[in-house]
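Visitor: What follows is a structure written as structure tokens; I'll ask about it next.
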Ligand SMILES: C[S@@+](CC[C@H](N)C(=O)[O-])C[C@H]1O[C@@H](n2cnc3c(N)ncnc32)[C@H](O)[C@@H]1O
């Protein structure tokens with residue numbers, strides 16, 4: 001049976017991410033935040049998943065709202081003290097302004113169409129405070145090319161076996177992650193995740209069209225400018241004055 005992305009992957013997400021250093025990653029985001037915002041800043045996370053990053057970011061920034069399109073991801077987090085909203089990041093049902101908007105871990109690559117990416121930037125423009133900051137990372141083609149042949153990994157977590165097959169289609173610039181998740185009880189589901197690998201110039205262009213300017217574009221996890229060999233980029237944007 002095929003189910004939508006993260007419907008069942010949410011059950012094994014912590015196992016899938018077991019080697020990801022969220023502490024280090026959140027310190028990097030906090031490093032960016034500290035340059036621009038105060039401790040009482042209003043913080044909004046897009047595509048917060050099961051709040052792994054939120055748990056660390058909210059140690060410092062208490063005024064936090066986390067959003068994600070997947071109800072399964074949001075509800076699999078036990079951070080019930082934090083405000084959660086289930087929504088598409090390119091259609092934000094929000095009226096309040098935020099000083100710091102961020103998204104982590106390739107989540108923006110789930111936006112498959114330029115039209116939707118432009119809509120996302122326009123939505124962020126509307127809810128960003130005048131001197132607010134929007135930061136997010138994206139996966140670049142150099143990262144996907146490593147997986148262009150397709151490789152499969154297997155793991156076990158919490159009573160579930162799961163396999164992940166990675167494949168990059170250079171023609172349509174879609175990176176596919178196919179997961180097969182089976183439970184000891186005999187159930188078996190498949191999820192196919194698609195991520196668009198945009199040319200880096202697309203982000204600059206669409207952001208500008210939405211009224212945002214790119215303050216910095218770093219090689220992810222550093223404060224150095226992104227390079228042609230970079231596998232990930234970290235954007236820092238604000239409203240054009
Ligand atoms: C790789 S996970 C990252 C989750 C979290 N940021 C983390 O670091 O663990 C990608 C997340 O993006 C969410 N997502 C995908 N498309 C989305 C959309 N259009 N709007 C909001 N969230 C979306 C998924 O539901 C998933 O939780």
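The numbers here are math on the coordinates, done by the rules we state, and not lab data. This structure is a prediction, so every number in the text was calculated from the model and none was measured. Cβ sites come from the backbone with ideal geometry, for glycine too, and all protein chains shown count toward neighbours.
Visitor: Taking the Cα centre of each part, how many Å lie between the stretch 72-96 and the stretch 17-70?
Guide: About 13 Å separates the Cα centre of the stretch 72-96 from the one of the stretch 17-70.
Visitor: Could you work out how far the C-alpha centroid of the stretch 100-164 sits from that of the stretch 176-241, in angstrom?
Guide: The stretch 100-164 and the stretch 176-241 have Cα centres separated by 4 Å.
Visitor: Any idea what angle helix 22-36 forms with the longest principal axis of the chain, computed on alpha-carbon atoms, 0 to 90 degrees, nearest 10?
Guide: Helix 22-36 sits roughly 10 degrees off the main axis of the chain.
Visitor: In whole percent, what relative contact order does the chain give with Cα contacts below 8 Å and a gap of six or more residues?
Guide: For the chain, the relative contact order is 19 percent.
Visitor: Taking a virtual spin label 7 Å from the Cα of residue 199 along the C-beta vector, which residues in the stretch 98-112 bring their backbone nitrogen under 20 Å of it?
Guide: 109-112
Visitor: A further question on this structure: Can you bin the stretch 1-105 into rounded, prolate or oblate? Criterion: square roots of the alpha carbon gyration tensor eigenvalues sorted a ≥ b ≥ c, rounded for a/c under 1.5, prolate for a/b above b/c, oblate for the rest.
Guide: Oblate shape, in that a/c is at least 1.5 and b/c is the bigger or equal ratio.
Visitor: Of all DSSP beta bridges located in the chain, what percent are antiparallel, nearest 5?
Guide: Close to 70 percent.
Visitor: How big is the shadow of the Cα convex hull of the stretch 143-195, averaged over all directions, in nm²?
Guide: Approximately 3.8 nm², given one-decimal rounding.
Visitor: Would you calculate the convex hull of the Cα atoms in the chain and tell me its volume per residue in Å³?
Guide: 124 Å³
Visitor: Quickly estimate the mean residue ellipticity at 222 nm for the chain, helices only: each DSSP H run with n ≥ 4 gives -39500 (n - 2.57), and the total goes over all residues, rounded to 500.
Guide: -7000 deg cm²/dmol, from helical runs alone.
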